[in-house]
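The values are calculated or read from the model by the stated rules, or taken from the named source; none is laboratory data. No experiment lies behind these values; they were computed from the predicted model shown. Positions of Cβ are generated from backbone atoms using ideal geometry, with glycine treated the same way; all protein chains shown enter the neighbour counts. Calculation scope for accessible area: heavy atoms of the full protein, side chains included, ligands and nucleic acids excluded. Shrake-Rupley method; radii C 1.70, N 1.55, O 1.52, S 1.80 Å.
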Amino acid sequence: MSVFTGWISGLAGWCKNRLRSSKVSSIRFIITWSFSVFIVLVLTIMAMLLHDKFSQAAERSAELTTRQIVDQVSYSLEDYVRSMSHLYRAIEEHMLRDGTWEGDQVDKQLDTLLSSREDIISITLLDAQGHLLKNRPSARLKPSAHVTQQGWFQSALRVPDHLSFSLPHIQNMYDGPYKWVVSMSKGITVRQDGQDRQVILLVDINFKQMDELSRRVSLGQRGYVYIIDESAGNIVYHPQQQLMYMGLKRENIEQALVATGSYEDESEGQKRLNTVKSVANIGWKIVGVAYLDEMLTTRQEVNGYLIRVLIVVLVLAIIVSLILSSSLTRPIRRMERKMKAVERGDFSVELPIEGPLEVERLSRRFNLMVNKIRALMNEIIHEQEQKRRYELEALQAQINPHFLYNTLNSVVRMVGMSRNEEVVTMITSLSRLFRISLSQGKTIITVREELEHAHHYLTIQQMRFKHKFRFNMEADEETLDCLTLKLVLQPLIENAIVHGIEYDMDEGQIEIRVYQEEANLVLRIMDNGVGMTEEQVASLLNGNVIVKSGAGSGVAVRNVHDRIQLYYGDAYGLEFASELEEGTTVWIRIPIQYKRDLREGEH
């Protein structure tokens, strides 16, 4: 269990690190997708609520439409039956007035009525035994008609003075084309010749009129209306009546007889909505059938519409969130670039004070921070320059006592030997030498002044070493006004005299040459002294000086090299070349500078 827990913890940590290292954890990504997911979530909830609302409304609308259509059919059929009842009473009044139905006047009236109403097939008057008394249009009653056995005849006898409507049937009382008719019949008692007589008035109306009223009804693409007889459940009308007679189609008549509103059933695997409406005065029921899958088509259309709306809004939400997140994160990305510039050492950057309030505050804080860092850096640079200058002055201070000590020893010896003229010369040179050394506190002098300083120093040393060596100084004219660190030649000359020439039996020679080499100023010191080994040359600048005598420690040479690198950089300094019994050559390499260059740098 602990192994599994550790594995889960490691996997979670790996996923977290991967997310943090990817763009998924960026503010822009979080804003974009959070906003989009929120919008989608809200729209999805709204779509679900609207979908249910629209679906229920669509179903109610379809149900209401079905009911309205069925009611309209019922009203039309009731109106038609009512008009036919009025017509029937009119025929009854004209035909049976005064208990007589003979005469041309009655025939003319009935013929006029028949010619004006195409839906009336025939008008027949029979006695209670089924004998023909009168009919229009005039035709022979077929002996095979058996009128007394027909339902309309029996209904008229069974319920006198009540107008009854038969089921649709084929009229077969007369010769001629057989037509589907609905028979209106009524048993009437008339007084003829002082006696009451029972007669049956029959009016056959064309069923085509009622058929068209029902056939024109449309309930969706497959819905329909059918009519049943309330008393026995017989089918009065059905658009697929032939299939009903053949038993290929069935209707749930039993449920329709007892139903008063709407109900659902299933036929041939398809759910249907049935709406029932009774027709007054005729004893029929109109049943409207609508298929539920057609209603669901409306629901599917609503679903498709909502999905399209959802997609469009999602795209718009993503675009708006991208614009919004980009607008919000742009100042942050700009701040990141400025911070990277600061990281690279560029402290001159500054953020514009613009954007949202929080970004303006961050920009002000960032600029304030960079300004403080810049001030601290300048302060540190100033302190470092001060420190370097103090170190330079400290190194410079190490030279003067060393040289003064050696010179004064020479002066003392010459005074002791009463060599007054040489003492004067040495003191004069020493004076000039110190004047240049002081140089009003300056650490940079011209090459001309440095050579003059070296000349006085060599003069002093030449007198001190009893002209044991000769010296020669040459400089290109254009180099005389160049600038150099003060007192860079004197320690090297002293080193050449003390360690190279002093112990050589031959006369020494020191040559100083100043010239330009590309962008560098070169001051070369050559002597023909005893020279140095490679170890001694290598140790001159690393601080482990190997000396042949106790005349010096080589610290002065190291000081010169350190001073040059402190002031000009590590690319400059001293170079040595020496060979035993041949001599030593030292090159001083510094950049070419003039006084005007320093003034421009100061500005």
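Which is farthest toward the positive dipole end of the chain among 146, 206, 129, measuring Cα position about the Cα centre, with Cβ charges +1 (Lys, Arg) and -1 (Asp, Glu)?
Positive-most Cα among the choices belongs to 129.
So, with +1 on the Cβ of K and R and -1 on the Cβ of D and E, and no other charges, what is the size of the charge dipole of the range 95-150 about its Cα centre, to the nearest 20 debye?
The dipole of the range 95-150 has a size of about 160 debye.
What number, in percent, do you get for the relative contact order of the chain if the mean sequence gap of Cα pairs under 8 Å and at least 6 apart is divided by its residue count? Please list the in-between numbers first.
Numbers: 798 pairs, mean separation 55.2, N = 603.
This gives 9 percent for the chain.
Applying a 10 Å radius around every beta-carbon, put 510-523, 485-498, 578-591 in order of their mean neighbour count, most first. Write down the numbers at each step before the final one.
On the way: 510-523: 16.6, 485-498: 23.2, 578-591: 18.1.
Ranking, from highest mean packing down: 485-498, 578-591, 510-523.
Given +1 on the Cβ of Lys and Arg, -1 on the Cβ of Asp and Glu, and no further charges, what dipole in debye does the range 98-245 carry about its Cα centre, rounded to the nearest 20?
440 debye
Enumerate the calculated ³J(HN,Hα) couplings along the range 138-147 in order (Karplus 6.51 cos²θ - 1.76 cosθ + 1.60, θ = phi - 60°), each rounded to whole Hz, writing x wherever the residue is Gly or Pro.
Here the 3J(HN,Hα) series is 5, 7, 7, 6, 5, x, 8, 6, 6, 5 Hz.
For the range 164-268, what does the accessible surface come to per residue with a 1.4 Å probe? Please give it in Å².
Here the residues of the range 164-268 average 53 Å² of exposed surface.
Would you work out which of 577, 322, 512 lies farthest towards the positive end of the dipole of the chain? Charges go on Cβ: Lys and Arg +1, Asp and Glu -1.
322
Roughly how big is the chain's charge dipole about its Cα centre, with Cβ charges of +1 (Lys, Arg) and -1 (Asp, Glu), in debye to the nearest 20? Write down the numbers at each step before the final one.
Working: 69 positive and 76 negative charges, 309 e Å.
Taking the Cα centre of the chain as origin, the dipole is about 1480 debye.
Helices from the chain with mean Kyte-Doolittle at least -0.5 and a Cα length along the axis of 20 Å or more, per DSSP H: which? Could the numbers behind the result be given before it?
On the way: long enough: 2-21 (28 Å, 0.04); 27-95 (98 Å, 0.33); 292-343 (72 Å, 0.62); 357-416 (88 Å, -0.43); 420-438 (26 Å, 0.54); 447-464 (25 Å, -1.01).
Correct list, ordered by number: 2-21, 27-95, 292-343, 357-416, 420-438.
From the helices alone, meaning DSSP H stretches of at least four residues, give me the mean residue ellipticity at 222 nm for the chain, per-run term -39500 (n - 2.57), in deg cm²/dmol to the nearest 500.
Details: 15 runs with 315 residues, N = 603.
That calculation yields -18000 deg cm²/dmol at 222 nm.
If you take the charge dipole of the chain about its Cα centre, with +1 on Lys and Arg Cβ and -1 on Asp and Glu Cβ, which of 51, 540, 242 is farthest toward its positive end?
242
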